[in-house]
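Accompanying notes for the structure given below.
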Amino acid sequence: FHGINKTFTPSSIPNGYTFTGWLVSNASTGNGSTIAPNTAFTLNTDATLTAQFDPISYDITYTFDEKYTVYHGDTELQNNSYTAENAYNVETNLTLLNNDDFTIHGYTIKNWTFVRGDGASANWNTAGLVFGELGTGFYGDVVIKAVIEPVEYTVTYEANNGTLSSEATKKYDIE
């Protein structure tokens, strides 16, 4: 390609990255020039072109059924959705919020349906799940949907020297 003005593109781009250009190195300049993507350039000597990539930032969105009033801290969620923007990239740990970060009066989060941007999905039972850092290598926006169940309350009746006509203990929930 000596003396020819040409645009080069990488043969592939790794998942979770964007191509940011070429680092040009040759005997006379060493590592010096950077060529932006989709830019034509002319080589007048032997050179090595090294593709440069930056990780893409992704969002994590937590969703809840519309019939619930959900709070994140003291703030009521609009559209029952909370998005942590630019929350992670393929090189950083994918870190999720804890169930306790959300409040639904009279209800608890039983588990989450989790869909990663790369298409993998799973139902997570939060009883045994430690939310937090899930590791690196994830890419794509993440959407997780809460599975909600009512909190069950136990009421125990005491006769106080009287008699009870029914069970002394009953269970109730908000529904």
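For (1) part of a strand (DSSP E or B); (2) open to solvent by 30 Å² or more (accessible area, probe 1.4 Å), each residue gets a yes or a no:
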site: Thr20; (1), (2): yes, yes
site: Thr50; (1), (2): yes, yes
site: Tyr62; (1), (2): yes, no
site: Glu66; (1), (2): no, yes
site: Asn79; (1), (2): no, yes
site: Tyr82; (1), (2): yes, yes
site: Ala87; (1), (2): yes, yes
site: Val90; (1), (2): no, no
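Across the stretch 134-170, what is the total count of residues that are within 30 Å of Asp54 (Cα to Cα), open to solvent by 80 Å² or more (accessible area, probe 1.4 Å) and of a type outside the set (D, E, K, R)?
Number satisfying all stated conditions: 1.
Quick check on my filter: what residues within the stretch 135-159 are assigned to a loop (DSSP other than H, G, I, E, B) and within 33 Å of the chain's Cα centre (by Cα)?
Hits for the stretch 135-159 are Gly135, Thr136, Gly137, Phe138, Tyr139, Gly140, Asp141, Val151, Glu152.
Which count do you get for residues in the stretch 94-133 that are open to solvent by 60 Å² or more (accessible area, probe 1.4 Å), at pLDDT 75 or above and either in contact with a strand residue (DSSP E or B) (Cβ under 6 Å, 6 or more places away or on another chain) or not in a loop (DSSP other than H, G, I, E, B) (or both)?
Residues flagged as open to solvent by 60 Å² or more (accessible area, probe 1.4 Å), at pLDDT 75 or above and either in contact with a strand residue (DSSP E or B) (Cβ under 6 Å, 6 or more places away or on another chain) or not in a loop (DSSP other than H, G, I, E, B) (or both) within the stretch 94-133 amount to 2.
Quick check, is Gly162 assigned to a loop (DSSP other than H, G, I, E, B) and either touching a residue at least 60 places away in the same chain (Cβ under 8 Å) or touching a His at 6+ places or on another chain (Cβ under 6 Å) (or both)?
Spelling it out, it is not the case that Gly162 is assigned to a loop (DSSP other than H, G, I, E, B) and either touching a residue at least 60 places away in the same chain (Cβ under 8 Å) or touching a His at 6+ places or on another chain (Cβ under 6 Å) (or both).
Within 30 Å of Val143 (Cα to Cα), more than 15 Å from the chain's Cα centre (by Cα) and of a type in the set (Gly, Ala, Ser) - does that describe any residue in the stretch 11-25?
Yes, the conditions are met somewhere in the stretch 11-25.
The values are calculated or read from the model by the stated rules, or taken from the named source; none is laboratory data. Remember, predicted model here, so these are calculated numbers, not experimental data. Virtual Cβ from ideal backbone geometry, glycine too; neighbours counted across all protein chains shown. Side chains are part of the model used for accessible areas, which takes the heavy atoms of the whole protein and leaves out ligands, DNA and RNA. Shrake-Rupley method; radii C 1.70, N 1.55, O 1.52, S 1.80 Å.
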